[in-house]
Amino acid sequence: MTQTDPLTSPLHERHVALGAKMADFGGWQMPIEYPGGGVLREHTAVRERVGIFDVSHLGKALVSGPGAADFCNACFTNDLRKVTPPKAQYTMCCDPETGGVVDDLIQYYKGDDEVFLIPNASNTTEVVARMRAELPEGLTLTNLHHDHGIIAVQGPRSAEVVAALGLPTDLEYMSYADAAFGGEPLTVCRTGYTGEKGYELVMPWGRAEAVWDALVEAMAPYEGLPCGLGARDTLRTEMGYALHGHELSMEITPNMARAGWAVGWDKETFWGKDVLSAQRAEKSCRLAWGLLVDGRGIPRAGCVVKNAEGAEIGVVTSGTMSPTLKKGIALCLLDRGASVGDEVVVDVRGRDVAATVTKPPFVQAGAGD
């Protein structure tokens, strides 16, 4: 394998056999959509019934040893001490000097001596490197990126599908349970990225195909579908969920992204606390908003947003055609002073497209909590 060869998930052969359209995603060859209707059909399946996603490209790492939870809490923004095992928590890894977001991730609080991390695929190496540079003596940090597969089961019928595999489903949002499938360990977590009720299953790399096959069979009575990352993106955009590299980045801080709810401001320390606290107090940075397109046109990342007088006031971070609303929607950063209902225009390839400022979510999903 050369340095430019993309990585593949443990389910790669399943996707190829289904005729999936594959593309590079964070250095991984992943399914974008499947034949027979593509993104629109898959998006609708998740909103109305159930769909499964291969998200094995996501990173995995384990911090273990005395004080593992305290170490993670001193690194990341959210306050891990606000939850107890078996809980998972959304958090961010920020740059100490700028407050920019190196990555956003989920931390599984196993206990004071063990925290399992799921960063984004392309940022795993950087997150692990930054943590290793600060790792106290007595702690171990293990990169497990290729040790586990992850399958997301999302939609109103997701509980029935997961239960058909003999797995627990009666979990609070952001709680997890250690279980087993086929005699091998499997973790079930009540999480997702679609706004619908859902679960994410973490299993040994070599067991991913067996779990996938069982899920395909279990969701057939509900007309469930395998779904690609294209539908995952339209689903998360309708909900206004941030995607690293778009709504969060080294240039976009948690304050700008309105992600202060995932910051433990009262904690003694975390990477970037001083600069983020100062920015929060200053109240001058751009803020995240949604845009609902009034006419024809689909804003894309990088499109300039202008006010009614034609002055530039912001930039689009993500944009798509909403399969639910059947019109263009976008996430953006706008200057302070913008408010719900403001009429703006988006420069889409040199053409002004009218839009209205709104606050996501754009749709009311079923039961995503």
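The values are calculated or read from the model by the stated rules, or taken from the named source; none is laboratory data. Not measured: the values here are computed from a predicted model. Please note: Cβ atoms are built from the backbone with ideal geometry, for glycine as well, and neighbour counts cover all protein chains shown.
Odds and ends about this structure:
- For segment 99-125, a residue qualifies if it is of a type in the set (V, I, T), crowded, with 21+ Cβ neighbours inside 10 Å and either in a helix (DSSP H, G or I) or within 13 Å of the chain's Cα centre (by Cα) (or both), and the qualifying residues are I118, T124.
- Test result for P96, touching a Lys or Arg at 6+ places or on another chain (Cβ under 9 Å), under 22 Å from G65 (Cβ atoms), assigned to a loop (DSSP other than H, G, I, E, B) and at pLDDT 95 or above: no
- Subset of segment 265-308 [farther than 30 Å from V363 by Cβ and among the hydrophobic types (A, V, I, L, M, F, W, C)]: W265, F270, W271, V275, L276, A278, A281
- Listed by position, the helices (runs of 4 or more DSSP H) inside segment 155-253 whose residues that are touching a Gly at 6+ places or on another chain (Cβ under 7 Å) and surrounded by fewer than 17 Cβ atoms within 10 Å (Cβ to Cβ) number at least 2 form an empty set.
- Scanning segment 41-63 for residues that are among the β-branched types (V, I, T), part of a helix (DSSP H, G or I) and touching a helix residue (DSSP H, G or I) at 6+ places or on another chain (Cβ under 7 Å) yields a single hit, V46.
- When residues of segment 316-369 are limited to those that are touching a residue at least 40 places away in the same chain (Cβ under 8 Å), of a type in the set (D, E) and not in a strand (DSSP E or B), the one farthest from V39 (Cα to Cα): D335
- Test result for T98, over 17 Å from N120 (Cβ atoms), assigned by TED's automatic domain parsing to the domain that holds L11 and among the hydroxyl-bearing types (S, T, Y): no
- Of all residues making up segment 81-98, the number that are of a type in the set (S, T, N, Q) and crowded, with 16+ Cβ neighbours inside 10 Å: 2
- Leading residue by the ranking (farthest from N120 (Cα to Cα)) among those in segment 1-57 that are touching a strand residue (DSSP E or B) at 6+ places or on another chain (Cβ under 7 Å) and modelled with pLDDT under 95: P6
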